[in-house]
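Heads up: the structure comes next, in structure tokens.
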């Protein structure tokens, strides 16, 4: 919008200079040959041409300045928005990172249920893609560890049950053998 006003002002100024610069009384154009003009009209034409060239140069210079100002303002605005976005995301990412670190600590201690609760608490926090992949990896690690623990408990229970059953059977057989005359 400003550039349109500037260009319009410069154009009006150029026309004013053109009109004001031509205060010579008009003389009839004398033609010496067909299509040629006298020296007086050549001077006026040269002055008008120079005025137009000067106005064009001023418009180009002003236009370039306006474009540069717009670029600078745009760059500044983008930088400001980017900085503000980083400021807003940083605390949220820090909270998520705190929960992730706490979950890692709990996993190393073997407290899988507590670690899973911490990781589930991160779902309400904005996170970076790296943090999201870390949370997913830790959840998979907990699932694997829980399954392995469940399998080991099931195997130990089955083995213990079999051993107790065998011992009970052997003891019962021994008692029965002892009690029979």
Residue in the stretch 23-46 that is out of contact with any helix residue (DSSP H, G or I) (no Cβ under 7 Å at 6 or more places or on another chain), modelled with pLDDT of 75 or more and part of a helix (DSSP H, G or I) present: yes
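Inside the stretch 124-148, can you point out the residues that are part of a helix (DSSP H, G or I) and in contact with a helix residue (DSSP H, G or I) (Cβ under 7 Å, 6 or more places away or on another chain)? Spell out how you get there, then give the answer.
Taking the stretch 124-148 and keeping what is part of a helix (DSSP H, G or I), we get 124, 129-148.
Those that are part of a helix (DSSP H, G or I) and in contact with a helix residue (DSSP H, G or I) (Cβ under 7 Å, 6 or more places away or on another chain): 131, 134, 135, 138, 139, 141, 142, 145, 146.
Among the candidates 94, 80, which residue alone is on the phi < 0 side of the Ramachandran plot, under 30 Å from the mean Cα position of the chain (by Cα), modelled with pLDDT of 80 or more and loosely packed, with under 13 Cβ neighbours inside 10 Å?
On the way: 80 fails: modelled with pLDDT of 80 or more.
Result of the check over 94, 80: 94.
Being surrounded by 10 or more Cβ atoms within 10 Å (Cβ to Cβ), in contact (Cβ under 8 Å) with a residue 12 or more places away in the chain and part of a helix (DSSP H, G or I) is the requirement here; does residue 151 meet it? Lay out the reasoning, then the answer.
On the way: surrounded by 10 or more Cβ atoms within 10 Å (Cβ to Cβ): yes; in contact (Cβ under 8 Å) with a residue 12 or more places away in the chain: no; part of a helix (DSSP H, G or I): yes.
No: the conditions fail for residue 151.
The values are calculated or read from the model by the stated rules, or taken from the named source; none is laboratory data. A quick note: this is a predicted structure, and the numbers were derived from the prediction, not measured. Please note: Cβ atoms are built from the backbone with ideal geometry, for glycine as well, and neighbour counts cover all protein chains shown.
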